[in-house]
Amino acid sequence: MSFQDKTLTCSDCSKTFSFTAEEQEHFKERGFTNEPKRCPDCRQARKAATGGGGGNRGESYGNRSYSSAPRQMFPATCGQCGKATEVPFQPRGDKPVYCSDCYRKIKPSR
């Protein structure tokens with residue numbers, strides 16, 4: 001398929017910008033189906049404001065990004081060596097919990 005340069009209007013600043021044939025080809029290769037709605041300047045400003053370079057920045061998909069808040073940890077006793085440890089989930093008691101050292105030893109055998 002042969003692409004041709006297109007002139008689009010930015011949804012933020014209303015300036016026109018060129019959506020080149022090369023950019024269209026790149027969009028198609030990456031699986032994007034929508035044309036860009038912001039000019040390069042507004043796209044760059046939005047990336048800077050949201051602190052992102054792609055992926056899920058929490059704008060329209062809900063805030064799924066990892067926060068800087070510390071992860072809640074729960075105390076546990078290693079089922080292999082008996083050492084006190086912390087794990088990022090609430091142990092239920094029906095399955096053994098392992099410290100990181102014992103988990104690394106057991107994990108390859110699974």
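The values are calculated or read from the model by the stated rules, or taken from the named source; none is laboratory data. Computed from a predicted structure; not experimentally measured. Note that each Cβ is placed from the backbone with ideal geometry, even for glycine, and that neighbours are counted across all protein chains shown.
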| request: Please list, ordered by first then second residue, the pairs with beta carbon atoms under 8 Å, 6 or more apart or interchain, first in segment 81-110 and under 19 Å from Pro70 (Cβ atoms) and touching a residue at least 12 places away in the same chain (Cβ under 8 Å), second β-branched (Val, Ile, Thr) and part of a strand (DSSP E or B). | output: Thr85/Thr77; Ser100/Thr85
| For segment 30-46, which residues satisfy the criterion of being surrounded by fewer than 14 Cβ atoms within 10 Å (Cβ to Cβ), under 20 Å from the mean Cα position of the chain (by Cα) and not in a loop (DSSP other than H, G, I, E, B)? | Arg30, Gln44
| Do we have any residue at all in segment 79-87 that's assigned to a loop (DSSP other than H, G, I, E, B), at positive phi and modelled with pLDDT of 90 or more? | yes
| segment 4-29, residues that are assigned to a loop (DSSP other than H, G, I, E, B) and in contact (Cβ under 8 Å) with a residue 24 or more places away in the chain | Cys10, Ser11, Asp12, Cys13, Lys15
